[in-house]
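Quick note: the coordinates plus some simple rules give every number you see, no bench work behind them. Since the structure is predicted, the reported quantities are computational estimates derived from the model, not experimental observations. Note: ideal-geometry Cβ built from the backbone for every residue, glycine included; neighbour counts use all protein chains shown.
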Amino acid sequence: MGTLYVVGTPIGNLEDITLRALRVLRECALIAAEDTRKTRILLSRYGIEKPMISYFEHNEAARIPQILEALAQGDVALVSEAGMPGLSDPGYVLIRAALERGFPVVPIPGPSAPVTALVVSGLPADRFLFLGFLPRKPGERRRLLAQVAALPWTLVAFETPHRLREALRDILEILGDRPMAVARELTKIHEEVRRGTARELLAHFTEVEPRGEFTLVIAGAPEEVSQWEEEEVRARLEALLRSGRTPAQAAREVARASGWPRDAVYRMALRIRSESEPRR
């Protein structure tokens, strides 16, 4: 019976690999790689020749039986496109399948973009929540941000360059103008870590075209701000609506001050407005 080795590989700089990882890659019978082209570059850099099988999100159903069959004969190394397998990639599914079949699963620690960005962000790293890639659809992204808006922990997320500006707008609107860091192309030639508030970073990337791979690190909700009681939220909403604010404007303002998720406040604002409208 073989062992499934979960091997961390560089997120950019090919020197960021451990001696143990190189030994496992040399000694295993097969490498299951999310991106065989990138893995081949790494193997070539260190003079390693090893059979590979592609394993990614859209072929996992066909590949898992083949990899489990290979594990019955010898050791298999699982590597992702970059970093630690299982974080925002299909490695988790294979790991679960191997465990269910009784194969040993051994981690070979290595680079990780979320942790790398977190420790250089300047934000608290004692408690954090990794969100993976922010949802592609605006509504889903905003709902996720609303769910974590009141948490005091530092938030870490991945984002693509073509969605970065929209994500920063949603962060500003739903989480408020919090301190945060945007890490780009970590460990690569064009590595950049830009720190500031959500508003400042949105202004920068509105002027500068986002390029590369991004990791966002966002300060948690201020711990000194306690969440309001429902009566207080309702009273403030009623006052703002009477002053001429729209439900969306009132909800945004109250959510920032109260610690309540914006979606919940907005639904309450709509109910208040509906109750105040004359019945026909």
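Solvent-free Debye calculation, one equal scatterer per alpha-carbon of region 4-111: log10 I(q)/I(0) at 0.20 Å⁻¹ equals -0.98. Using Cβ point charges alone (K and R +1, D and E -1), the dipole size of region 128-280 about the Cα centre works out to roughly 620 debye.
Projecting the Cα atoms of Val105, Leu71, Ala82 onto the charge dipole of region 57-129 (Cβ charges, centred on the Cα centre) puts Val105 farthest toward the positive pole. The simple spin-label model puts a point 7 Å past each Cα toward its Cβ; for Ala239 and Asp177 those points are separated by 2.1 nm.
When the Cα convex hull of region 39-172 is projected onto planes of every orientation, the mean area is 10.8 nm². Over all other residues within a Cβ to Cβ distance under 10 Å of Val265, the charged ones net out to +4, with Lys and Arg as +1 and Asp and Glu as -1. Think of each Lys and Arg Cβ as +1 and each Asp and Glu Cβ as -1; about the Cα centre, that makes the dipole of region 114-218 roughly 260 debye. Given R0 = 30 Å, the distance between the Cβ atoms of Glu253 and Ser274 translates into a calculated FRET efficiency of 0.95.
Helical runs (DSSP H, four residues minimum) scored at -39500 (n - 2.57) apiece and divided by the length of the chain put the mean residue ellipticity at 222 nm at -12500 deg cm²/dmol.
Annotation note: trypsin sites (Lys or Arg not before Pro) in region 195-264 located in DSSP loop regions with a Cβ neighbour count of at most 14 within 10 Å are Arg211. Taking label positions 7 Å along the Cα-Cβ direction at both Val120 and Leu19, the computed distance is 2.6 nm, reported to one decimal.
Taken about its Cα centre, region 230-276 carries a charge dipole of about 200 debye when Lys and Arg each add +1 at the Cβ and Asp and Glu each add -1 at the Cβ.
Evaluated over the Cα positions of the chain, the convex hull gives a direction-averaged projected area, one quarter of its surface, of 19.0 nm². Each Lys or Arg adds one and each Asp or Glu subtracts one; over the other residues with Cβ under 9 Å from the Cβ of Ser80, this totals -4.
Here region 117-134 is scanned for amide nitrogen atoms under 13 Å from the site 7 Å beyond the Cα of Gln147 along Cα-to-Cβ, giving 130-134. Working note: Karplus 6.51/-1.76/1.60 with θ = phi - 60° gives region 192-204 the couplings 8, 10, 10, 10, x, 8, 4, 5, 5, 6, 5, 4, 5 Hz, where Gly and Pro are set to x. Each eigenvalue of the Cα gyration tensor of region 114-218, multiplied by 5 and square-rooted, gives one semi-axis; in descending order these are 18, 16, 13 Å.
Note on Thr197 and Glu231: the model spin-label points, each 7 Å out from Cα along the C-beta direction, lie 3.3 nm apart.
Count the net charge of all other residues whose Cβ sits under 13 Å from the Cβ of Arg252, scoring Lys and Arg as +1 and Asp and Glu as -1. Value of the local net charge: +1.
Rounded to the nearest 5, the antiparallel percentage of DSSP beta bridges internal to the chain is 50%.
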